[in-house]
Number of protein chains: 2
Amino acid sequence: MKISSFHPPQRTLMGPGPSDVNPRILEAMSRPTIGHLDPEFVRMMDEMKELLQYAFQTKNKMTMPISAPGSAGMECCFVNLVEPGDKVIVCQNGVFGGRMKENVVRSGGIVIHVDDEWGQAVNPTKLEDALKANPDAKLVAFVHAETSTGVVSDAKLLVELAHRYNCLTIVDTVTSLGGIPVLVDEWGIDAIYSGSQKCLSCTPGLSPVSFNKAAVDKISQRKHPVQSWFLDLNLVMGYWGEGAKRAYHHTAPINALYALHEALVILQEEGLETAWERHQKNHQALRNGIEAMGLKFIAKENERLPQLNTVTIPEGVDDATVRNKLLQDYNLEIGAGLGALAGKAWRIGLMGHASNKTNVLLFLGALDSILTGAGANINSGVAVQAALDYYA
Amino acid sequence: MKISSFHPPQRTLMGPGPSDVNPRILEAMSRPTIGHLDPEFVRMMDEMKELLQYAFQTKNKMTMPISAPGSAGMECCFVNLVEPGDKVIVCQNGVFGGRMKENVVRSGGIVIHVDDEWGQAVNPTKLEDALKANPDAKLVAFVHAETSTGVVSDAKLLVELAHRYNCLTIVDTVTSLGGIPVLVDEWGIDAIYSGSQKCLSCTPGLSPVSFNKAAVDKISQRKHPVQSWFLDLNLVMGYWGEGAKRAYHHTAPINALYALHEALVILQEEGLETAWERHQKNHQALRNGIEAMGLKFIAKENERLPQLNTVTIPEGVDDATVRNKLLQDYNLEIGAGLGALAGKAWRIGLMGHASNKTNVLLFLGALDSILTGAGANINSGVAVQAALDYYA
């Protein structure tokens with residue numbers, strides 16, 4: 001054995017995440033490590049909370065990053081809010097709704113299924129039917145922006161329905177936060193989690209979460225202890241809580257938190273509304289190019305995420321061959337289809353820092369060239385100009 | 001609101017972790033983010049496994065870093081190995097043994113207590129008594145190097161005893177790995193976890209773990225599903241497993257893994273034996289200085305960790321005042337006592353990159369000056385020379 005330092009290539013990240021990381025964030029991550037109880041670090045934690053409250057558009061005191069990836073943020077919401085025997089309505093329209101069901105079962109809850117086809121938004125009528133049929137349901141959980149299909153669901157309406165039937169809500173905003181509106185207080189979301197590596201453009205590994213008073217009350221009134229020690233919010237808040245004495249719970253991932261802080265400072269500088277507009281604009285340009293080629297989106301027009309474009313692979317074209325060519329010749333990563341969409345769709349991310357004109361033009365030019373070379377049945381040589389026309 | 005970029009001060013980290021991070025590691029962490037399924041990243045993962053096998057001195061195939069801090073590595077061991085109703089003997093001689101008990105209970109297991117005083121090693125006779133009294137026990141868990149007291153226990157002997165009575169073992173080596181011998185295969189440890197931010201000198205946030213065949217067999221034969229989705233090794237290994245297709249489980253913390261890879265490359269360059277000797281040498285120099293001052297160690301001589309020195313606070317001296325002065329005047333962090341030792345002891349880390357002559361001399365000079373200034377009853381002005389004499 002003799003292993004040397006690892007020097008990764010410079011890629012353009014247009015998959016479902018991680019997305020391109022702003023160089024400012026990488027630099028912030030390499031600043032000197034300090035202790036997790038250092039007064040300077042504690043000051044940074046206070047700022048982090050304020051920055052996350054802005055990103056989530058909430059005044060929730062219980063707002064902080066979980067020291068692990070989005071999947072752990074999801075698990076944090078379920079293990080804290082689900083008690084053994086609780087009925088939980090899970091709306092599934094892609095991979096991540098399925099993961100929510102796993103979490104309910106492992107937390108001792110009972111899943112009530114509300115299933116929609118992959119590639120469609122969660123159907124509010126189906127949710128309301130399930131709420132009517134299960135008056136003892138305690139929670140409703142759904143994914144706002146399904147990373148596996150590129151579909152957005154109407155979070156505001158789904159939360160409203162859940163509340164009408166006295167359920168609390170757990171909402172996955174891993175892919176939506178920073179890319180499209182996520183209005184925690186205005187929509188009344190009770191528990192929410194996200195990820196650092198999507199539209200916040202940070203490195204992967206952290207999961208911002210927020211809980212309102214109703215959620216905190218349910219957690220503090222639990223009859224059974226939270227099954228996870230690491231994710232038990234009663235303990236985590238001893239460290240992250242407002243005015244808390246910053247009691248040691250676990251060693252915080254210091255440098256990863258520097259990175260998230262910087263990502264949120266950048267978001268604050270740009271402004272949420274401007275960031276949402278930018279995601280929308282680059283999506284439109286990409287869409288013009290994609291449609292000019294003759295390719296089709298999986299999601300219906302009014303249910304499309306601007307930050308995650310799921311496009312049907314043309315007949316006769318091999319999924320992996322195209323993605324490998326993009327990676328090898330262009331250093332450009334896009335995502336494969338997951339689950340039901342494996343081999344049938346590409347997932348093209350325009351998230352956070354990666355949502356820019358250069359990326360749109362690079363990708364369209366590359367895809368045009370590769371598909372033309374492979375003899376695919378597309379309109380060749382027009383995609384890039386179609387995007388440029390949109391920007392003009 | 002208008003929050004700016006966070007610029008941490010440059011500290012010398014001589015607490016119980018995080019320890020000083022080698023600048024090479026900080027630089028590695030800021031390299032370009034690539035995808036968690038990128039072939040180049042997958043190659044790095046293979047190297048990571050090999051480097052961790054070296055650090056742990058094991059051939060275990062199930063060896064990898066958990067994407068979260070050491071506490072999550074601990075939880076990973078317990079939720080995977082403990083089934084509801086399992087009797088687990090936990091040897092506690094400090095804070096972290098207590099955390100193990102919490103994990104057993106939350107995993108549905110039954111704790112058999114083997115308690116030793118804080119500041120003493122785990123007593124093998126007490127463990128054997130517990131094993132005899134509980135022939136149906138399934139697991140023995142203990143902390144090799146108690147971060148709260150600076151005490152090392154005889155891991156080899158404790159594992160041997162556990163095996164003699166047909167128990168598997170879970171061993172916490174958060175503070176020992178890289179600082180003193182941890183010989184997983186030779187000692188027969190079944191499940192082990194560590195942390196990135198102690199003697200590996202990496203940034204906090206990852207937990208290397210390793211499981212031998214007996215542990216893997218118990219996990220694959222479980223009757224109840226693992227209660228944590230995020231930490232379920234049956235799923236995690238789909239991504240980290242040998243020859244696996246690298247099935248997506250969760251998004252790996254890419255840049256944090258670059259950092260750990262670099263930390264392990266540095267360890268491999270130095271060599272484990274050399275690293276152990278260095279920790280021993282700097283501990284001896286520190287000890288000479290501490291004892292020349294007239295201060296005392298909490299741990300008995302043959303039970304002391306070279307990387308974590310727990311020293312009694314002299315009578316009439318205020319704990320926090322001294323630590324604050326060290327931080328403010330010297331940018332130097334040491335640790336407070338935890339639990340039973342709060343206010344009674346300091347924890348002085350000499351871990352990984354921080355275990356060096358400059359740190360020893362800086363700290364001794366600083367402590368000498370502060371205690372002398374406070375009128376403490378010590379031998380003033382002799383500590384630094386005593387350490388220098390040792391190095392000479």
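Please list, in order along the stretch B:66-71, the HN-Hα scalar couplings obtained from phi with the Karplus expression 6.51 cos²θ - 1.76 cosθ + 1.60 (θ = phi - 60°), rounded to whole Hz, x for Gly and Pro.
Once rounded to whole Hz, the list reads 6, 7, 6, x, x, 4.
Distances over 24 Å make up what percent of all Cα-Cα pairs in the stretch A:1-113?
52
For the stretch B:374-388, just list the computed ³J(HN,Hα) in residue order, Karplus coefficients 6.51, -1.76 and 1.60, θ = phi - 60°, integers in Hz, with x standing in for Gly and Pro.
7, x, 6, 7, 10, 7, 7, x, 10, 5, 4, 5, 4, 5, 4
Kindly give the distances from B:Lys357 to its copy-mates, label point to label point, with each label point 7 Å from Cα along Cα→Cβ, as nm values to one decimal ordered shortest first.
Nearest first, the other copies' label points are 5.9 nm away.
In square nanometres, what is one fourth of the surface area of the convex hull spanned by the alpha carbons of the stretch A:272-391?
Hull-based average projected area comes out at 7.2 nm².
If you line up the long axis of helix A:357-373 against the longest principal axis of chain A, both from Cα atoms, how many degrees apart are they, to the nearest 10?
For helix A:357-373, the angle is close to 50 degrees.
Could you state, as a whole-number percent, how many of the C-alpha pairs of the stretch A:282-344 are farther apart than 19 Å?
Considering the stretch A:282-344, 35 percent of its Cα-Cα pairs are separated by more than 19 Å.
Can you give the log10 of the normalised intensity I(q)/I(0) at q = 0.12, 0.23, 0.27 Å⁻¹, computed with Debye over equal Cα scatterers of the stretch A:328-392?
Once normalised to I(0) and log-transformed, intensities are -0.35, -1.16, -1.27.
Kirkwood hydrodynamic radius, computed over distinct alpha-carbon pairs, for the stretch B:135-183: how many Å, to one decimal?
11.3
Could you state the principal axis extents of the C-alpha atoms in the stretch A:134-220, from the largest down, to the nearest angstrom?
The principal-axis extents, from largest down, are 40, 29, 21 Å.
What are the ³J(HN,Hα) couplings of the stretch A:189-194, residue after residue, when phi is run through the Karplus curve with 6.51, -1.76, 1.60 and θ = phi - 60°? Round to Hz, x for glycine and proline.
After applying 6.51 cos²θ - 1.76 cosθ + 1.60, I find 4, 8, 9, 9, 9, 9 Hz.
For the stretch B:78-159, what D do you get in µm² per second when you plug the Kirkwood radius from alpha-carbon pairs into Stokes-Einstein at 4 °C and 1.567 mPa s?
Using the Kirkwood radius from Cα pairs, D works out to 103 µm²/s.
Could you tally up the Lys pairs in the stretch B:271-391 with alpha carbons closer than 20 Å? Skip any pair fewer than 8 positions apart unless they're on separate chains.
Close lysine pairs found across the stretch B:271-391: 6.
Give me, ordered by chain and number, the residues 5 or more places off B:Thr12 or on other chains with an amide H under 5 Å from its own placed amide H.
Sorted by chain and number, the residues that satisfy this are B:Leu332, B:Glu333.
Taking amide H positions as placed 1.01 Å from N in the peptide plane, with prolines and chain starts having none, which residues 5 or more places from A:Ala141, or on another chain, fall under 5 Å of its amide H?
A:Ile89, A:Val90, A:Cys91, A:Ile170
Find the Cα radius of gyration of chain B, compare it with 2.2 N^0.38 Å by division, and give the number to two decimals.
1.00
Rounded if a/c is under 1.5, else prolate if a/b beats b/c, else oblate: with a ≥ b ≥ c from the C-alpha gyration tensor eigenvalues square-rooted, which is the stretch A:226-335?
The shape class here is prolate.
Using only the alpha-carbon atoms, what does the protein assembly as shown span along each of its principal axes? Please give whole angstrom values in decreasing order.
That gives 83, 51, 50 Å along the principal axes, largest extent first.
Tell me the distances, shortest first, between A:Lys156 and the same position across the other copies, using label points 7 Å along Cα→Cβ, in nm to one decimal.
Spelled out, the distances from A:Lys156's label point are 6.8 nm.
Is there a simple number for the mean count of other chain Cβ atoms within 10 Å of the Cβ of residues in A:333-343, and what is it?
Counting other chains' Cβ atoms within 10 Å and averaging over A:333-343 gives 1.
Averaging sequence separations of C-alpha pairs under 8 Å and six or more residues apart, then dividing by the length of the stretch A:272-391, give the relative contact order as a whole percent.
36
Could you list which residues have their amide H under 5 Å from that of A:Asn309, counting only those 5 or more apart in sequence or on another chain, with H placed in the peptide plane?
Placed amide hydrogens put A:Ile348, A:Gly349, A:Leu350 under 5 Å from A:Asn309.
List residues of the stretch A:28-72, by number, whose backbone nitrogen lies under 14 Å from a label position 7 Å along Cα→C-beta of A:Lys213.
The answer is A:59-62, whose backbone nitrogens lie closer than 14 Å to the label point.
How high is the relative contact order of chain B, given as a whole-number percent (alpha carbon pairs under 8 Å, six or more residues apart)?
So the answer I get is 23 percent.
Expressed as an acute angle from 0 to 90° and rounded to the nearest 10, what is the orientation of the C-alpha long axis of helix A:124-133 relative to the principal long axis of chain A?
So the inclination is approximately 30 degrees.
Where the label is 7 Å out from Cα toward Cβ, how close does B:Arg24 come to the same position in every other copy, in nm, shortest first?
3.2
Describe numerically, in nm with one decimal, the distance between label points set 7 Å from Cα along Cα→Cβ at B:Lys223 and at B:Glu27.
Taking the simple label geometry, B:Lys223 and B:Glu27 are separated by 5.6 nm.
Read-outs throughout are calculated quantities, based only on the coordinates presented, and are distinct from any laboratory measurement. In this text the structure is predicted, and so the values were computed from the model without any measurement. When we count neighbours, we look across all protein chains shown, and the Cβ atoms used for this are built from the backbone with ideal geometry, even at glycine.
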